[in-house]
Amino acid sequence: MKKPNILLIYTGGTIGMIKDPKTKALRAFDFGHLIEKIPELNLLDCHINTTSFENPIDSSNMNTEHWVKCAEIIEDNYKDFDGFVVLHGSDTMSYTASALSFMLEELNKPVVLTGSQLPIGDLRTDAKENLITAIQIASLTEKGKPVIQEVTLYFEYKLYRGNRTTKINAEHFEAFTSLNYPELIESGVHLNINRDVLYKPLAKKKLRVHKVLNTNVVILKLFPGISESILRSILESENLQGIVLETYGAGNTSDEKWFVDLLKVAIKKGIHIINVTQCSGGSVLMGQYQSSAQLKKIGVISGKDITTEAAITKLMYLLSLNLSKKSFKNVFQTAIRGEIT
């Protein structure tokens, strides 16, 4: 049987750094000599090729242009490779995984994002395990088809659906979680695949790559004491077209008249407002309490159990499609890449 061809895409981040043994300073790792530096990769049953951003970046500098560049690399190499592993800094990895899930429509090959908390040259690094297992997962096939056919994120022994993840810890190796959706694979002595929760494309269609994202959006986190003047200045910002509103609990907000009226005016102007919970897990249930019933009445869109990272990137994606107001709401509240329940 032909060995899978895996393309390793290095965007930047901690995983691509190595510590100089003399100066202790960090420098870029040469992924062109990957097999030489990590001989364990020779044990994997696949062929590995590498490519890199011309100027690798810290993930804190990640933006929509970089997402498009990554999507284009996958598009340009889609016919020649069976799977893709994207090496990425951990800070914005969930945003990138979410964005790519929407940008890569009709994807039927694995795209696995991974990174590390420590550089690949550190004695106690988590980089090697994350890298080796991510490549192994991208190589998995059954009956001639890839096991994974979606954008995923692998970190510290667990593979998650990418658009269901969020970073929860800046210091622990277990840096990511997916509280509203179970892990797809757990790595131990064996790779334990949770087949019932894998994304299954309805039909094998040609990959479509969306390269336009609308960035006239904002994430607004509510807090006790938010002022009318500040909220008004945000809602009246020039070119604003969409808001991810991080609310309390199951989607609750202040029900003061000035607050509801400001949102109502914004919605009438054509601004889409998405209600997501500030809680790490759980779902928005608009109308369950009086404090959220008015939001439903004025046309705020329920984000249900979507993550903030998936909500903002889905908002960018859908705004670029120029949908009608009714269609926008219906599509946002529907799972199009497994991002919502």
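The values are calculated or read from the model by the stated rules, or taken from the named source; none is laboratory data. What you are looking at is a predicted structure, and each value in this text was computed from that prediction instead of being measured. No Cβ is skipped: glycine too gets one built from the backbone with ideal geometry, and neighbour counts run over all protein chains shown.
Count, please, the residues in region 249-297 that happen to be crowded, with 16+ Cβ neighbours inside 10 Å, farther than 24 Å from Ser101 by Cβ and of a type in the set (Val, Ile, Thr).
Residues meeting the conditions: 4.
List the pairs whose first member sits in region 23-46 and is within 26 Å of Leu191 (Cβ to Cβ), whose second member is among the polar types (S, T, N, Q) and surrounded by fewer than 12 Cβ atoms within 10 Å (Cβ to Cβ), and whose Cβ atoms are under 8 Å apart, counting only residues at least 6 apart or on separate chains?
Ile35/Asn42
Report yes if some residue within region 167-174 is closer than 17 Å to Gly338 by Cα and within 19 Å of the chain's Cα centre (by Cα); otherwise report no.
no
Restricting attention to region 203-214, which residues are closer than 16 Å to Val151 by Cα and of a type in the set (A, V, I, L, M, F, W, C)?
Within region 203-214, Leu207, Val209 qualify.
Test Lys79 against the criterion of being closer than 30 Å to Gly303 by Cα and either polar (S, T, N, Q) or not in a strand (DSSP E or B) (or both), and give yes or no. Quick ask: steps written out before the conclusion?
Details: closer than 30 Å to Gly303 by Cα: no; either polar (S, T, N, Q) or not in a strand (DSSP E or B) (or both): yes.
In short, no.
When region 7-24 is examined, which residues are found to be closer than 19 Å to Thr50 by Cα and either part of a loop (DSSP other than H, G, I, E, B) or out of contact with any Pro (no Cβ under 9 Å at 6 or more places or on another chain) (or both)?
Leu7, Leu8, Ile9, Thr11, Gly12, Gly13
Let me confirm something: among Glu186, Glu156, which residue is touching a Lys or Arg at 6+ places or on another chain (Cβ under 8 Å), free of Cβ contacts under 8 Å to residues at least 40 places away in the same chain and among the charged types (D, E, K, R)?
Just one listed residue meets the conditions, Glu186.
Going by the conditions given, is Asn42 in a helix (DSSP H, G or I) and in the same structural domain as Asp76 (by TED's automatic domain parsing)?
Yes; evaluated as a whole, the condition is true for this residue.
Pick out the one residue from Thr341, Thr334, Thr307 that is at negative phi, surrounded by 15 or more Cβ atoms within 10 Å (Cβ to Cβ) and under 18 Å from the mean Cα position of the chain (by Cα).
Thr307
May I ask you to say which residue of Ile48, Ile18 is in contact with a strand residue (DSSP E or B) (Cβ under 9 Å, 6 or more places away or on another chain) and more than 24 Å from Ile148 (Cβ to Cβ)?
Sole residue among the options that is in contact with a strand residue (DSSP E or B) (Cβ under 9 Å, 6 or more places away or on another chain) and more than 24 Å from Ile148 (Cβ to Cβ): Ile18.
For region 25-39, give me each residue that is at pLDDT below 80 and either assigned to a strand (DSSP E or B) or out of contact with any strand residue (DSSP E or B) (no Cβ under 6 Å at 6 or more places or on another chain) (or both).
The first filter runs over region 25-39 and keeps only residues at pLDDT below 80, leaving 25-37.
Once the filter is applied, which keeps residues that are at pLDDT below 80 and either assigned to a strand (DSSP E or B) or out of contact with any strand residue (DSSP E or B) (no Cβ under 6 Å at 6 or more places or on another chain) (or both), region 25-39 yields Ala25, Leu26, Arg27, Ala28, Asp30, Gly32, His33, Ile35, Glu36, Lys37.
Which pairs have Cβ atoms under 9 Å, sit 6 or more apart or on different chains, and link a residue in region 128-139 that is within 11 Å of Phe84 (Cα to Cα) to one that is assigned to a helix (DSSP H, G or I)?
Every condition considered, the pairs that remain are Ile135/Leu41.
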